[in-house]
1. From the residues in the stretch 22-68 that are part of a loop (DSSP other than H, G, I, E, B) and modelled with pLDDT of 80 or more, which one is surrounded by the fewest Cβ atoms within 10 Å (Cβ to Cβ)?
2. If residue 17 satisfies all but one of (1) in a strand (DSSP E or B); (2) without any contact (Cβ under 8 Å) to a residue 40 or more places away in the chain, what's the number of the condition it fails?
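The values are calculated or read from the model by the stated rules, or taken from the named source; none is laboratory data. Everything quoted here is computed from the prediction, not taken from an experiment. Because the Cβ atoms are built from the backbone with ideal geometry, glycine has one as well, and the counts that use them run over all protein chains shown.
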Ligand SMILES: [Zn+2]
């Protein structure tokens, strides 16, 4: 069975959107970077001007049988161990029968 763990928790803070964001993509990214840097400086001064705050995380997938990182063949079966393959095959057969 594939196990998904939450890892690398972090706090992500998004500044208010730039009022007059440039049509030019490169300039717009620069404006966003400036806004983030400005907000960072404001937080540094303990002034909160935050549109939203959320905690995000990455995920990592591993096998519950062998604890190896989850690795699927392009047709979908797990490649790490025979137990995972057997489980996958059972699930596939039961899906085909239903
Ligand atoms: Zn495995």
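1. The initial filter retains those residues of the stretch 22-68 that are part of a loop (DSSP other than H, G, I, E, B), namely 22-24, 45-49, 64-68.
Then drop every residue that is not modelled with pLDDT of 80 or more, which leaves 22-24, 64-68.
On the way: 22: 13, 23: 6, 24: 10, 64: 12, 65: 17, 66: 13, 67: 10, 68: 13.
Once the filter is applied, the top-ranked residue is 23.
2. (1)
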